[in-house]
Amino acid sequence: MAIDEDALLAEQVAYYRARAPEYDRVYAEREDLRELVTVIDDLPIAGDVLELACGTGQWTGALAVRARSVTAVDASPEVLDIARERVTSSHVRFDRADVFRWRPPRRYDTVFFAFFLSHVPPSRLGDFWDIVAAALAPHGKAVFIDEGPTAAVREEVAADVRRLDDGSQYRIVKVLHDPGELTGELAALGWSAEIRPREEFIIGVAEPRSVPAAQRAQSFR
């Protein structure tokens, strides 16, 4: 039976709203995730930054150190409340927005998203990257981090079931990307991307293919 993507994405938002009090536990329990946040120092984060699906702000503070300004958006008001308490920098702004239904009101030098690309249904990958492109200023870069290709799922839509402490269950989209395959998919969508593995994660920098090759070479320091 075909999966109703709209219903699945709505359930995904409901899951992260309900999970807000439990969200930070994984960072407390996993040293590799805490160390992963430090890779921002080696990535082309600069200027005015848009963070998509910011969650509880685990990455937002590190972005703020590198940025002139940060606009962090998420569909869950519950996680945004936590993020606002965690990150109080005067040049960080938090907004509620469903990325799949949202259009950026302005352009940014950097668009960043951590552990969100794997929650994008494959059928909406092109639409998602169109949103990213619409948010980028000329010569801007998209920077992303996600889980790596271990047991990568290559289905039309992958619905993973997650359980919370209270026993409630939710379906979410979970599609893990192989770096080489994702590079090719982005190329077909008009992007030039450098995606590298880091242990069980992937780190990527992408920009529209019209950017000169000399500038693309500076994606990773």
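The values are calculated or read from the model by the stated rules, or taken from the named source; none is laboratory data. This is a predicted model, so every value here is computed, not measured. Backbone-built Cβ (ideal geometry, glycine too); neighbour counts: all protein chains shown.
Looking only at residues that are aliphatic (A, V, I, L, M), farther than 17 Å from K174 by Cα and in contact with a strand residue (DSSP E or B) (Cβ under 8 Å, 6 or more places away or on another chain) in the range 1-51, which one is surrounded by the most Cβ atoms within 10 Å (Cβ to Cβ)?
L50
Given the criteria free of Cβ contacts under 8 Å to residues at least 40 places away in the same chain, closer than 22 Å to Y170 by Cα, more than 15 Å from the chain's Cα centre (by Cα) and surrounded by fewer than 17 Cβ atoms within 10 Å (Cβ to Cβ), does R86 qualify?
no
Please go through the range 162-185 and pick out each residue that is touching a strand residue (DSSP E or B) at 6+ places or on another chain (Cβ under 6 Å) and outside any helix (DSSP H, G or I).
Within the range 162-185, R162, R163, Q169, Y170, R171, I172, K174, L176 meet the criteria.
Out of the range 89-98, which residues are surrounded by 20 or more Cβ atoms within 10 Å (Cβ to Cβ) and out of contact with any Asp or Glu (no Cβ under 8 Å at 6 or more places or on another chain)?
Within the range 89-98, just V92 meets the criteria.
What do you reckon, is A137 crowded, with 21+ Cβ neighbours inside 10 Å and either at pLDDT 95 or above or among the charged types (D, E, K, R) (or both)? Can you show your working first?
Working: crowded, with 21+ Cβ neighbours inside 10 Å: no; either at pLDDT 95 or above or among the charged types (D, E, K, R) (or both): yes.
It is false that A137 is crowded, with 21+ Cβ neighbours inside 10 Å and either at pLDDT 95 or above or among the charged types (D, E, K, R) (or both).
Are any residues in the range 52-81 surrounded by fewer than 16 Cβ atoms within 10 Å (Cβ to Cβ) and more than 27 Å from Q12 (Cα to Cα), and if so, which ones?
V65, R68
Would you point out which residue out of D81, D32, D95, D74 is charged (D, E, K, R), out of contact with any Lys or Arg (no Cβ under 8 Å at 6 or more places or on another chain) and either free of Cβ contacts under 8 Å to residues at least 60 places away in the same chain or within 30 Å of P138 (Cα to Cα) (or both)?
Every option except D95 fails the conditions.
Which residues, counting only those in the range 28-49, are among the small types (G, A, S) and over 20 Å from S89 (Cα atoms)?
Once the filter is applied, which keeps residues that are among the small types (G, A, S) and over 20 Å from S89 (Cα atoms), the range 28-49 yields only A28.
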